[in-house]
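Structure, as structure tokens:
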Ligand SMILES: Cc1cc2nc3c(=O)[nH]c(=O)nc-3n(C[C@H](O)[C@H](O)[C@H](O)COP(=O)(O)OP(=O)(O)OC[C@H]3O[C@@H](n4cnc5c(N)ncnc54)[C@H](O)[C@@H]3O)c2cc1C
Ligand code: FES
């Protein structure tokens, strides 16, 4: 595994989100992820995180505190060591000439944010993002030049959920939809895409062990003609067309 120092950490305990800025120059493309862990002795496996931001000396992940590993990562001190493997997975394709709707909820915002930062035509990007609280919304940086529609569960915006937001919206026929986040959001997106014959992709966040196609832990079912076969999110994804993937959760 590679090593990097923690250059900065921002923790928002009101919303349970953390930004970790890690000192390492990685050649990462939008959509790719890293497996990372702290320099601890306990046998906690590295966990997958999308890249939220990057510059020539560092990369940043935006993380929701969920369980053991994320809680420990949220308590690291600046200067502490991080170990990581990556970048892993395949970059998202570019659709900069078409209206692209980036649809996400919670930590699903991370890869969409990095994708938008790298898009040469930001005026073609519209975010539909769902978060639980106003505080979470304030912790998520907006990408300059893109349009944002927020859904906030605490009632501080017009819509409470991103599901309500996208169900109420008329997508143009040549739109591209890219989603990442809670299953209910991805399933709604899939249904809307099917009903309106839209091109749409989902970025999946299955639990992972190896991150490189060896353990078979991140298997998803896909349609290949009349057959159902298996692909792996770490090696074949994380992005899948809604035409191929079966979201059976
Ligand atoms: C390709 C990829 C990219 C990811 N990018 C990000 C990211 O940018 N930011 C981020 O916050 N998270 C991201 N995740 C999810 C992240 O890896 C998990 O939240 C993390 O592994 C949880 O570890 P933990 O030890 O804290 O929680 P655990 O102790 O392992 O689990 C605690 C609880 O969280 C649930 N949980 C664990 N993993 C997930 C998951 N993937 N989705 C939903 N619930 C889960 C468990 O079921 C359990 O209830 C990504 C996952 C993948 C596969
Ligand atoms: S995480 Fe091991 S095969 Fe994908």
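What the table shows:
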{"item": "Enumeration of residues in region 65-81 that are more than 17 Å from the chain's Cα centre (by Cα), within 9 Å of ligand 1 (Cβ to nearest atom) and without any contact (Cβ under 8 Å) to a residue 12 or more places away in the chain", "result": "67, 71"}
{"item": "Options 181, 130: the member that is closer than 21 Å to residue 20 by Cα and either outside the structural domain of residue 63 (by TED's automatic domain parsing) or more than 14 Å from the chain's Cα centre (by Cα) (or both)", "result": "181"}
{"item": "Filtered residue count, region 42-64, keeping only those that are in contact (Cβ under 8 Å) with a residue 60 or more places away in the chain and assigned to a loop (DSSP other than H, G, I, E, B)", "result": "4"}
{"item": "Number of the condition not met by residue 226 [criteria: (1) under 27 Å from residue 18 (Cα atoms); (2) more than 17 Å from the chain's Cα centre (by Cα); (3) more than 16 Å from ligand 2 (Cβ to nearest atom)]", "result": "(1)"}
{"item": "Selection count, region 21-64, where residues are surrounded by 16 or more Cβ atoms within 10 Å (Cβ to Cβ) and within 15 Å of ligand 2 (Cβ to nearest atom)", "result": "11"}
{"item": "Verdict on residue 167 being in the same structural domain as residue 116 (by TED's automatic domain parsing), more than 12 Å from ligand 1 (Cβ to nearest atom), closer than 18 Å to residue 239 by Cα and over 17 Å from the mean Cα position of the chain (by Cα)", "result": "no"}
{"item": "Selection count, region 195-219, where residues are surrounded by fewer than 19 Cβ atoms within 10 Å (Cβ to Cβ) and more than 19 Å from residue 99 (Cβ to Cβ)", "result": "11"}
{"item": "Those residues of region 65-82 which are in a strand (DSSP E or B) and crowded, with 17+ Cβ neighbours inside 10 Å, in sequence order", "result": "82"}
{"item": "Unique match (being under 15 Å from the mean Cα position of the chain (by Cα) and at pLDDT 95 or above) among 241, 203", "result": "203"}
{"item": "Filtered residue count, region 199-223, keeping only those that are part of a loop (DSSP other than H, G, I, E, B) and out of contact with any strand residue (DSSP E or B) (no Cβ under 6 Å at 6 or more places or on another chain)", "result": "11"}
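The values are calculated or read from the model by the stated rules, or taken from the named source; none is laboratory data. What you see is a predicted model; the values in this text were computed from it and never measured. Cβ atoms come from the backbone with ideal geometry, glycine included; neighbour counts cover every protein chain shown.
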